[in-house]
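Participant: Quick one: the structure is below, questions incoming.
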Amino acid sequence: MKKHNGFASSLGFVLASAGSAVGLGNIWGFPYKTGANGGAAFVLVYILMALLLGIVGMTVEMYVGKRAQANPVTAVKKINSKIGFVGLLSVIVPFFIICYYSVLGGYTMRGIVSSFTDIGKDAAGVSAGLSDFMANPWLPALCTFLFLGLAVFIIMGGVQKGIEKASKVLMPLLFIILLGVMIYSLCLGEGVKAGLDFYILKADFKALGFKGVAAAMGQVFFSMSLGMGIMITYGSYTGKEINLFKSAVQISLIDTAIALMAGFAIFPAAFHFMEVEGIAASEVGLGGFALMFMTLPLVFNSLGTVGGIIGAFFFLMVTIAAITSVVSLVEVVTQFFIQKFRISRKRAAVLPMILALAISIPVSLSLGGHFTLFGFDLLTFFDEITNTVLMPVTALCVCVAAGFGIKRREFEDNIYVGKPIVGRIISFMARFVTPLLILVVAIFGIYSNVSVNVNYFAVINTAFLLAAVAFAVYFLSLVRVGDTDTGCNADELGYEGDADPADAAE
Ligand code: PFF
């Protein structure tokens, strides 16, 4: 019998958390948001935000989970039961992300196959292939189902045998493939210099604006899996032997390095393609959803059979990254369901998957152009609700709750055992610097979004409606102090491996 049902080693914890952090956010989101917001200027602000907000936020969230050894609702309740609804919001947000993330995961899986089937087609054929796929009412949903199914399969294996084991194999594989594609892309010759200028050498702050700064902040939260319970859940699976601050720094470095590498893989290739084909940047769509799904396949395709094979590897790598990320999203909901409803891990993993699949079908239909909501496709709508509003709000609340609600001494002594000065710095940042920065950027970001598009009010209202629902549900049914009704990790203990009582009884 194991001592605790958490991660077996520090390396396993770091790799699993990096597996959560590194995903479509790094390889799809980061490059296209860089493309949309002034290239190098966005990269610079992103790195600053990662240092000021990301590392602090991650350390704090991990500590909140580790201290409680429980799901996010119980963990926040243990700081102060009046603000436990923030914990519930941290479980609801991942659920909404699963609904659109899996659709993108399905698109990515299609990319593996289409890289081969596109070989020999001309550019118009490649574009038409993707458009047909998007417009098809069934195929994207089927790919979404396959993608989610793979993730749930891993989760059912439990923390050590499923999540940790998969991450230890998949993460290094991903790194090697990305490195290969990056080197290949940097060696393409023509256009590479222009790509590098745009990406890291010439910062255009006018194109960035406040909207871009807010986008960089949202991207930091999304990419580092913050503001949504993940690091609370993963932190709850750690024991005394794990140094939280060091782990957070390592995970942030890996996450940022992979995002930067993705940019180095994509921009030189995209600019090479533009120069060789004589196409303008505005036509290629450097700053949109399509950068990874449409522009990149065009680039690979223009390189002939070798390009097709590289493209297939590329999409395989992105699928791997996306699976370990969606695993972490499902795990938050799974852990909460197991502990709150005392159901088996299997049931607790399948339940959110069925719900998410049901919601992901309209998301994929909307992305295919079948309908819009307030002028947005559902993916953008969900993405905006979570990235620009709910994640910053949740991260801010958790920082403030932990900074002011946990005894200062206890907080400082546990962030880096033996070096309380690190704890003191993080505690100061969590109380004053990080929340203020989040608040200012979020407010200006929302303001500049609304001033360009009034429909953005719908995004904000829906986000606050969700927060109100979390608030009401919490106070109506989950508010009891401690873990008496919302459970903790120990409830899953005492059985062989990660199996649980329901399995044994079946
Ligand atoms: N961080 C992941 C990425 O960058 O793709 C996505 C993600 C995982 C977002 C887990 C949110 C999350 F809770």
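Participant: What is the set of long-range amide H partners of LEU373 at a cut-off below 5 Å, with H atoms built 1.01 Å from backbone N?
Facilitator: The list, which skips near neighbours in sequence, is LEU378.
Participant: Then there's this: Using the heavy atoms of the protein chains alone and a 1.4 angstrom probe, what is the accessible area of the stretch 306-402 per residue in square angstrom?
Facilitator: 30 Å²
Participant: Tell me whether the stretch 6-64 comes out rounded, prolate or oblate; compute the Cα gyration tensor, take square roots of the eigenvalues as a ≥ b ≥ c, and use a/c under 1.5 as the rounded threshold.
Facilitator: The shape class here is oblate.
Participant: A further question on this structure: How would you rank 228-235, 214-221, highest first, on the average number of other Cβ atoms within 10 Å across their residues?
Facilitator: So the order, starting with the most tightly packed, is 228-235, 214-221.
Participant: May I ask you to list the chymotrypsin sites (Phe, Trp or Tyr not before Pro) in the stretch 71-166 that are in a DSSP loop and have at most 13 other Cβ atoms within 10 Å of their Cβ? Kindly include the intermediate steps, with their values, before the conclusion.
Facilitator: Details: sites: PHE85, PHE95, PHE96, TYR100, TYR101, TYR107, PHE116, PHE133, TRP138, PHE145, PHE147, PHE153; in loops: TRP138.
Here the chymotrypsin sites (Phe, Trp or Tyr not before Pro) that fit, given the DSSP loop and packing criteria, are TRP138.
Participant: Taking the chain on its own, what percent of its Cα-Cα pair distances exceed 34 Å?
Facilitator: For the chain, the fraction of Cα-Cα distances above 34 Å is 32 percent.
Participant: Would you mind calculating the relative contact order of the stretch 217-375 from Cα pairs under 8 angstrom and at least 6 residues apart, reporting the percent as a whole number?
Facilitator: The normalised contact order for the stretch 217-375 reaches 16 percent.
Participant: Quick check: residue separation of LYS161 and LEU253 times 0.36 nm, minus the Cα distance between them. What number comes out in nm? Walk me through the intermediate numbers first.
Facilitator: Working: separation 92, 0.36 × 92 = 33.12 nm, distance 2.56 nm.
Going from the current span to full extension adds 30.6 nm.
Participant: Provide the packing ranking of 184-197, 345-358, i.e. peptides ordered by the mean count of other C-beta atoms within 10 Å per residue, highest first.
Facilitator: Peptide ranking by packing, descending: 345-358, 184-197.
Participant: Probe radius 1.4 Å, ligands and nucleic acids ignored: give me the carbon and sulfur share of the accessible area of the stretch 254-339 as a rounded percent.
Facilitator: Ligands and nucleic acids excluded, carbon and sulfur reach 71 percent.
Participant: Next up: So, how do all the Cα-to-Cα distances of the stretch 400-451 break down into 5 Å bins, in percent, from 0 on up?
Facilitator: Bin by bin from 0 Å, the calculated values are 4, 21, 22, 16, 11, 9, 7, 6, 3, 0.
Participant: How far apart, in nm, are the 7 Å Cα→Cβ label points at LYS419 and PHE145?
Facilitator: Those two pseudo-labels are separated by 5.1 nm.
Participant: Would you please classify the overall shape of the stretch 270-324 from the alpha carbon gyration tensor, given that a ≥ b ≥ c denote the square roots of the eigenvalues, rounded means a/c under 1.5, and beyond that prolate means a/b larger than b/c while oblate covers the rest?
Facilitator: Note, shape of the stretch 270-324 comes out oblate.
Participant: Considering the Cα trace of the stretch 277-370, what is its radius of gyration and what is Dmax, both in angstroms?
Facilitator: 18.9, 61
Participant: Considering only protein heavy atoms and a probe of 1.4 Å, how much of the accessible area of the stretch 130-200 is carbon and sulfur, as a whole percent?
Facilitator: C and S fraction of accessible area: 78 percent.
Participant: Check each of the trypsin sites (Lys or Arg not before Pro) in the stretch 366-475 and keep only those in coil by DSSP with at most 16 other C-beta atoms within 10 angstrom; list them in order. Mind showing how you got there, number by number?
Facilitator: Details: sites: LYS407, ARG408, ARG409, ARG424, ARG431; in loops: LYS407.
Filter output for the stretch 366-475: LYS407.
Participant: Measure off 7 Å from each Cα along the Cα-to-Cβ vector at GLU190 and ILE47, then give the distance between these two points in nanometres to one decimal.
Facilitator: 3.1 nm
Participant: What is the percent carbon and sulfur in the accessible area of the stretch 347-506, measuring with a 1.4 Å probe over the protein chains and ignoring ligands? Before the final figure, lay out the partial values.
Facilitator: Details: 5460 of 7650 Å².
Carbon and sulfur: 71 percent of the exposed surface of the stretch 347-506.
Participant: Of all GluC sites (Glu not before Pro) in the stretch 235-302, which ones are in loop regions per DSSP and have a Cβ with at most 14 other Cβ atoms within 10 Å?
Facilitator: Working: sites: GLU241, GLU275, GLU277, GLU283; in loops: GLU241.
Of the GluC sites (Glu not before Pro), the ones in loops of the stretch 235-302 whose Cβ has at most 14 other Cβ atoms within 10 Å are GLU241.
Participant: Suppose each label sits 7 Å from its Cα in the direction of the beta carbon; what would the ASP197-ALA468 distance come out to in nanometres?
Facilitator: Distance between the two pseudo-spin positions: 5.2 nm.
Participant: Something else: Please compute, for the alpha-carbon atoms of the stretch 308-437, the extent along each of the three principal axes and give them in descending order in Å.
Facilitator: 54, 38, 38
Participant: In nm, what is the difference between 0.36 nm times the number of residues separating ALA8 and ASN453 and their Cα-Cα distance?
Facilitator: Residue separation times 0.36 nm, minus the Cα-Cα distance, leaves 155.3 nm.
Participant: Given only helices, namely DSSP H runs of n ≥ 4 each adding -39500 (n - 2.57), what is the per-residue ellipticity at 222 nm of the chain, to the nearest 500 deg cm²/dmol? Each step should come with its number before you reach the end.
Facilitator: Details: 24 runs with 356 residues, N = 506.
One gets -23000 deg cm²/dmol as the mean residue ellipticity at 222 nm.
Participant: Semi-axes, largest first, in whole Å: what does sqrt of 5 times each Cα gyration tensor eigenvalue give for the stretch 7-156?
Facilitator: 35, 21, 15
Participant: What lysines does LYS407 reach when the alpha-carbon gap must be under 19 Å and sequence neighbours fewer than 8 apart in one chain are set aside?
Facilitator: Hits, sequence-local ones excluded: LYS66, LYS77, LYS78, LYS82, LYS240, LYS419.
The values are calculated or read from the model by the stated rules, or taken from the named source; none is laboratory data. Fair warning: this is a prediction, and the values are worked out from it, not measured in the lab. Please note: Cβ atoms are built from the backbone with ideal geometry, for glycine as well, and neighbour counts cover all protein chains shown. Ligands, DNA and RNA are stripped out before the accessible areas are found, and what is left, the full protein with its side chains, is counted by its heavy atoms. Shrake-Rupley method; radii C 1.70, N 1.55, O 1.52, S 1.80 Å.
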